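The values are calculated or read from the model by the stated rules, or taken from the named source; none is laboratory data. What you see is a predicted model, and the numbers here were worked out from it, not measured in a lab. Quick reminder, even Gly has a Cβ in these numbers, built from the backbone with ideal geometry, and neighbours come from all protein chains shown. Heads up: the accessible areas ignore ligands, DNA and RNA and are worked out on the full protein's heavy atoms, side chains in. Shrake-Rupley method; radii C 1.70, N 1.55, O 1.52, S 1.80 Å.
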Amino acid sequence: MTRIIAGRHRGHRIATPTSNATRPTTDRVRESVFAALISWLGEGDAAGDQALAGVSFLDLYAGSGAVGLEASSRGAAPVRLVEREAKVAAVASQNAATLGGTVAVTRATVSAFLHGAPTPYDVVWLDPPYDLADTELDAVLQKVVEGGWLAPDGVMLVERSRRTAPPQFPAVLADVWSRRYGETEVWFATRGDDA
């Protein structure tokens, strides 16, 4: 079990898959990433459950949905969770139903999902398996941008092991920075002021 850190569902425990197919984002990393995200959005003074009000959130490789559900708890809407494994997607769906809000779960591979009709999101979060090939991840990042899934003033975040190569973001995402949390590194990318 893991828990929601802040917002209207603060302290609520959510189910996690029993399989080894997922690697949950730790509470520490989620807390730090959301603090950075809220600061970047300029919403640092907003109440916990309104810190992401008006922000749409796409969670690719969602697992239990902990990251997307954290965003929802902080006011993000709509939130879409994408997970390919049926049993894991069922856990994410159960968690979303328990918490309520505008969280939808799509059972699909990320590649198949991104070939659908796009809806732009303000925040696109990717936490792919660490063993996902760099070239495959880079193709997904390209598809997110070229396919219209990232809003023009949106931010893309990618969680990776510090031991993997940095993601190769599409050239249009010229403003790129990262933060390290132990063995985890989270990359942030936006179009920047000139785009």
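A few notes on this one:
- Contact map, segment 120-142: residues that are more than 21 Å from PRO78 (Cα to Cα) paired with residues that are part of a loop (DSSP other than H, G, I, E, B) and among the small types (Gly, Ala, Ser), Cβ distance under 7 Å, separation 6+ or inter-chain. Pairs shown: ASP134/ALA165.
Let's see how each residue does on (1) hydrophobic (A, V, I, L, M, F, W, C); (2) in a strand (DSSP E or B); (3) open to solvent by 70 Å² or more (accessible area, probe 1.4 Å):
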residue: GLU136; (1), (2), (3): no, no, yes
residue: ALA139; (1), (2), (3): yes, no, no
residue: GLY148; (1), (2), (3): no, no, no
residue: PRO152; (1), (2), (3): no, yes, yes
residue: ALA165; (1), (2), (3): yes, no, no
residue: ARG179; (1), (2), (3): no, yes, yes
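- Candidate set: segment 154-163, residues that are of a type outside the set (Val, Ile, Thr) and under 17 Å from ASP122 (Cβ atoms); chosen: the one surrounded by the fewest Cβ atoms within 10 Å (Cβ to Cβ): LEU157
- Test result for PHE169, within 14 Å of the chain's Cα centre (by Cα), at pLDDT 95 or above and not small (Gly, Ala, Ser): no
- Residues of segment 100-128 that turn out to be assigned to a strand (DSSP E or B) and among the aromatic types (Phe, Trp, Tyr), as a count: 2
- Looking only at segment 115-127, and only at residues there that are in contact with a strand residue (DSSP E or B) (Cβ under 8 Å, 6 or more places away or on another chain) and more than 14 Å from LEU81 (Cβ to Cβ), the one that is surrounded by the most Cβ atoms within 10 Å (Cβ to Cβ): ASP122
- Any chance PHE188 is within 27 Å of THR26 (Cα to Cα), modelled with pLDDT of 95 or more and in a strand (DSSP E or B): yes
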